[in-house]
Amino acid sequence: MHATGSFDVKLTQQTAAPGVEAAKLGRMTIDKVFSGSLEGTSKGEMLTGGAESTGAMAYVALERVTGKLDGRVGSFLLMHNAVMLKGVPSSGVMQITVVPDSGTAELAGLTGKMIITIEGGKHSFDFEYQLP
């Protein structure tokens, strides 16, 4: 199955976890609102790290999505990992997947992968998924 649409995202910088400040990692909360074939919201956390001298960076994140996917209501967990160079995802290195067995209610058993595109400051998603 296939779902597409757009989302608005708010990233809020957080302080480093105690004891890891020297690692110079970024920590943010995620708040999203999805529209399209996926309607709902998500809350999550992101960790970032990079090299200022080259513009290379990476991020990992977890977010819980709650809403309606093609008419089915429930929630699920997405796991992100990506490598970027000067703000542009490296080809084939951005992975956003549904955490197995994280789907609830009518989304129980959900599996899939999402692609995020950012053009002109606007975010869109392309979500290929399977439901039992």
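One table, with the values for the structure above:
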read-out: Where Gly121 falls short, out of the listed (1) on the phi > 0 side of the Ramachandran plot; (2) in contact with a strand residue (DSSP E or B) (Cβ under 7 Å, 6 or more places away or on another chain); (3) open to solvent by 60 Å² or more (accessible area, probe 1.4 Å); value: (2)
read-out: Inter-residue pairs, beta-carbon under 9 Å, first in contact (Cβ under 8 Å) with a residue 40 or more places away in the chain and in the stretch 5-29, second among the aliphatic types (A, V, I, L, M) and surrounded by 10 or more Cβ atoms within 10 Å (Cβ to Cβ), 6+ apart; value: Gly5/Leu38; Phe7/Val33; Phe7/Leu38; Phe7/Ile116; Asp8/Val33; Val9/Ile30; Val9/Val33
read-out: Conditions (1) surrounded by 15 or more Cβ atoms within 10 Å (Cβ to Cβ); (2) more than 16 Å from the chain's Cα centre (by Cα); (3) of a type outside the set (Ser, Thr, Tyr); (4) part of a loop (DSSP other than H, G, I, E, B); number of the one not met by Pro132; value: (1)
read-out: Subset of the stretch 36-52 [of a type in the set (A, V, I, L, M) and surrounded by 17 or more Cβ atoms within 10 Å (Cβ to Cβ)]; value: Leu38, Met46, Leu47
read-out: Single residue of Val33, Val73, Val65, Val60 found to be touching a strand residue (DSSP E or B) at 6+ places or on another chain (Cβ under 8 Å), open to solvent by less than 20 Å² (accessible area, probe 1.4 Å) and of a type in the set (Val, Ile, Thr); value: Val65
read-out: Ser42 more than 16 Å from the chain's Cα centre (by Cα) and of a type in the set (Ser, Thr, Tyr); value: no
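The values are calculated or read from the model by the stated rules, or taken from the named source; none is laboratory data. Since the model is a prediction, treat every value here as computed from it, not as a measurement. In this analysis, Cβ positions are derived from the backbone assuming ideal geometry, glycine residues included, and neighbour counts consider all displayed protein chains. Protein only, heavy atoms only, side chains kept; ligands, DNA and RNA dropped before computing areas. Shrake-Rupley method; radii C 1.70, N 1.55, O 1.52, S 1.80 Å.
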